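Beneath this line is the structure, given in structure tokens, with notes to follow.
The numbers here are math on the coordinates, done by the rules we state, and not lab data. Computed from a prediction, not measured in an experiment: that's the story for all the values here. No Cβ is skipped: glycine too gets one built from the backbone with ideal geometry, and neighbour counts run over all protein chains shown.
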């Protein structure tokens, strides 16, 4: 992989390699773009097959966070960290504290949070060494479990998609097929049930399905059958790449709106469902409630203020749907265009983020 050529092609700012021999830390920090503000993105710990695979993941995820934060209306850029190692056996206090010192050395250009393979406890250890971390324990001023907030954002975004598809944003009487009933999806089901939606659920975890059936009167189906059920809205809340050549022919929904990441296996699948008249709520926009929530921690967390911002995802998605209609493009392209236009507008007056007196992020 020709790293510098790749970074130039997609306009990356920095790629940092961090190692601490004593603790076993091997980390890669990617800062993609700080036009809108400091780069915010979580720390992922994973057993990568190679160092090149870890680099590619950091680059891909960091760029994705730029688009996510920009489309969500946040004054934050995008970045990501990957730590090479097995999160089940390689973690130790010294590792995360060493990593916290590397973050501190960036002086606010990058702010981290938890991601796959890391936890609130890990963020607390990082917080021992730096203020530039979110998603820490509530005792330190964190917002706590982000799942309910993410779910609320998905719910509001689903209503926006329903407005476009059905002419009304009411979900009363609508049938929603929910794939996966984990923490976020269960909270989403609570909102949908309260509004009078009919639920069809599936999950590989039978206990999760049973819980949803008992709580919401949901109908349970086999995981392989969820794509072809008669429904108004399909809500992918588990696996990525589930909108693909095999599943699309079975879809009967008029709307796809859920919390899962990377729902389109390939861009062309977004083109295909657009041609079919399915209203797709781009995943990195509709599931941005969590990052909006933790971003509020940077100015002293206020739940009412954070939830108000999450409610704004309704309007963000309506903007995307309007761009899609105006320009005759699929919604996934419209979301990218919204993010790119916002970055380009500010780039005329500011480029890379350097902390100054107007960027006070400390909670101390």
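Okay, here's what the table says:
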read-out	value
Segment residue 299-residue 19, length gained on full extension (0.36 nm per residue, minus Cα span)	97.7 nm
Which label in (1) 69, 42, 36; (2) 55, 46, 42; (3) 79, 48, 31 gives the computed Cα extents along the principal axes in Å	(2)
0 to 90° range, to nearest 10: angle between helix 93-105 axis and the chain longest Cα axis	80
Contact order relative to length of region 147-329, as percent, for alpha carbon pairs under 8 angstrom and 6 or more apart	25
Considering only the chain, percent of DSSP beta bridges that pair antiparallel, nearest 5	35
Cα-projected label distance for residue 131 with residue 194, points at 7 Å along beta-carbon direction, nm	3.5
Ranked 140, 132, 234, criterion: other C-beta atoms within 10 Å, fewest first	140, 132, 234
Crossing angle, helix 51-71 versus the chain [Cα axis fit, 0-90 degrees, rounded to tens]	70
Region 14-124: relative contact order in percent, alpha carbon pairs under 8 Å with at least 6 residues between	36
Size-normalised alpha-carbon gyration radius of region 147-329, reference 2.2 N^0.38 Å	0.98
Principal-axis tilt of helix 147-166 within the chain, Cα atoms, nearest 10 degrees	40
Length-normalised contact order of the chain in % [C-alpha pairs under 8 Å, at least 6 apart]	17
